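Worksheet for the structure shown next.
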Amino acid sequence: MAERHQLPPQIKRIELEGRAGGRPVVRYQLTVGIGMVDGKRKQLRKRYPAQAAARKALDGIRGAVATGTYVHPSKTTLRQACEDWLESKHRLKPSTLHGHKEKLSPVIAELGHLEVQRLTKRQVDNLVTALRAGGLRSPTEKVRKAWSPRSVNYTLSLLTAVLEDQQKQGNLVRNVAALVDRVTGDPKPSAALTEGEVEQIEKHTADDRYRIAWQLALAGLRRGEIAGLRWEDVDLEAKTLTIARNRIAFGQQLAEGTPKSKASVRALPLPEHLVAALKATKKLQSAERLALGGAYRASGYVVVNEAGAPLSPSAISSRWEHVLKGAGVRKVRLHDARHTCGTLMHLKGVPIAVVAAWLGHASSAFTQAVYTHSQPDAMKAAAQSFTRVVTNRDNSGSW
């Protein structure tokens, strides 16, 4: 009886029946308010084998509630947390959501069974090490190749966002993914083509039925913008081209939507060589439509095959590789044609703000840092200008 008076009101001594009629088992039941959870006032109820353990738990819980660090015990697994977070992303484009799912798939496969409250930094670190080494199994049971630093960091950023969401819901005190060091990468610099290489490509593709695709790529359009360009976006009379859609592939699907960003929606004045290339393409498609009759698919896209079907983004990239090989030009990505456009415009004195607007960038600083490159020819010209300055100074006879 004395013990009951000594116990705080949140702890109650109870006796449970022993096994097979044995002596009663004493337990100390803790019932304590833990504040608001999901908009409702909640209590925690738990039994302990000893009074001291119950008192210690009570002190810890009251202290955590007072400082706002208490989290209600939850059995939510990392798989559930990731799936709930992905399900909540209603505003994302299907392609972006697909990318998120792909990058979170190893998290779910390797750590998804763990409760989020039991996840440790060491476990996330181990996953990073495994991804960098390669060998993990994908959902289709294929062996994953070693992931690049960029892909690993992408996954870490998503996992950090998932656990941050759990923190906001009151299920976590600390976000262990935010504590994991990001992988230092050594990104390969983009390979902008030289003016001479561009001339080689243009000469080689003079009779290429997909010449317009390469002209648009070298004019700075993204692959998805080229694949999604429709004739209704081209005004040959006004000599303008409007970038209003983006056609991309993700998984086994093709999707068409708005361009990458608000700044990517833009209207460009067409130089004469692009006007001529577009007119030639339109004439070719009219002849093919006449020849095939009902078998021709009038899709309305600018870059199409002989039957009028639009080329997929991957098909455009594949043909680009053949173009470079045939032209005798070093292998670069199709996206490097976009870097080429920005670089050549910059080297010809076009203001960086104008280059950014042409490429569809919101930030001129980003354009300057990523899409303009000093080329060997430009460096040689700079050296020659320096030589002229020194020579003039020497000839003047004064220092």
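A few comments on the model shown:
- Option label - volume of the Cα convex hull per residue in Å³ computed here, alternatives [x] 155; [y] 272; [z] 258: [y]
- Between the residues Y301, T76, A369, the greatest Cα displacement towards the positive end of the dipole of the chain, with unit charges on the Cβ of Lys, Arg, Asp and Glu, is found for T76.
- Each of Q253 and V143 was given a label point 7 Å from its Cα along the Cα-to-Cβ line. The distance between the two points is 3.1 nm.
- Residues H90, H339 ordered from highest to lowest accessible area at a 1.4 Å probe: H90, H339.
- Computing FRET efficiency as 1/(1 + (r/R0)^6) for E321 and E115, where r is the C-beta to C-beta distance and R0 is 41 Å, gives about 0.30.
- Label-to-label distance, A291 versus S364, with points set 7 angstrom from Cα along the beta-carbon direction: 4.9 nm.
- Note: relative contact order over the range 200-340, using C-alpha pairs below 8 Å and six or more positions apart, is 32 percent.
- Expressed as a whole percent, the accessible area of the chain that falls on carbon and sulfur atoms is 52 (1.4 Å probe).
- Among A213, A192, A315, the residue with the largest mean-square fluctuation in a Gaussian network model of the chain, with springs joining Cα atoms closer than 10 Å, is A315.
- Value of relative contact order over the chain, rounded to a whole percent, pairs C-alpha under 8 Å and six or more apart: 11 percent
- Rounded, prolate or oblate (a/c below 1.5 giving rounded, otherwise prolate when a/b exceeds b/c) for the range 162-234 by Cα gyration tensor: oblate
- Nearest-20 debye value, the chain charge dipole, Cβ charges on Lys, Arg, Asp, Glu: 1920 debye
- Nearby lysines by direct alpha-carbon distance to K168 (threshold 21 angstrom, same-chain neighbours under 8 apart not counted): K40, K42, K75, K89, K121
- Inter-site label distance for K239 and A52 at 7 Å from Cα along Cβ, in nm: 9.1 nm
- Each Lys or Arg adds one and each Asp or Glu subtracts one; over the other residues with Cβ under 10 Å from the Cβ of S317, this totals +2.
- Helical runs assigned H by DSSP (4 residues or longer) give the chain a calculated mean residue ellipticity at 222 nm of -15000 deg cm²/dmol, each run adding -39500 (n - 2.57) before division by the residue total.
- Listed residues G360, G99, G60, most fluctuating in the chain (Gaussian network, C-alpha, under 10 Å): G60
- About its Cα centre, the dipole of the range 259-351 is roughly 240 debye, where the only charges are +1 on Lys and Arg Cβ and -1 on Asp and Glu Cβ.
- Residue-normalised accessible area of the chain, expressed per residue, 1.4 Å probe, Å²: 59 Å²
- Short-range pairs are left out: with C-alpha atoms under 8 Å and at least six residues apart, the relative contact order of the range 292-358 is 15 percent.
The values are calculated or read from the model by the stated rules, or taken from the named source; none is laboratory data. For clarity, every value in this text was computed on a predicted model and none was experimentally measured. Ideal geometry is used to build each Cβ from the backbone, glycine not excepted, and the neighbour counts take in all protein chains shown. Keep in mind that these areas ignore ligands, DNA and RNA; they rest on the heavy atoms of the full protein, side chains included. Shrake-Rupley method; radii C 1.70, N 1.55, O 1.52, S 1.80 Å.
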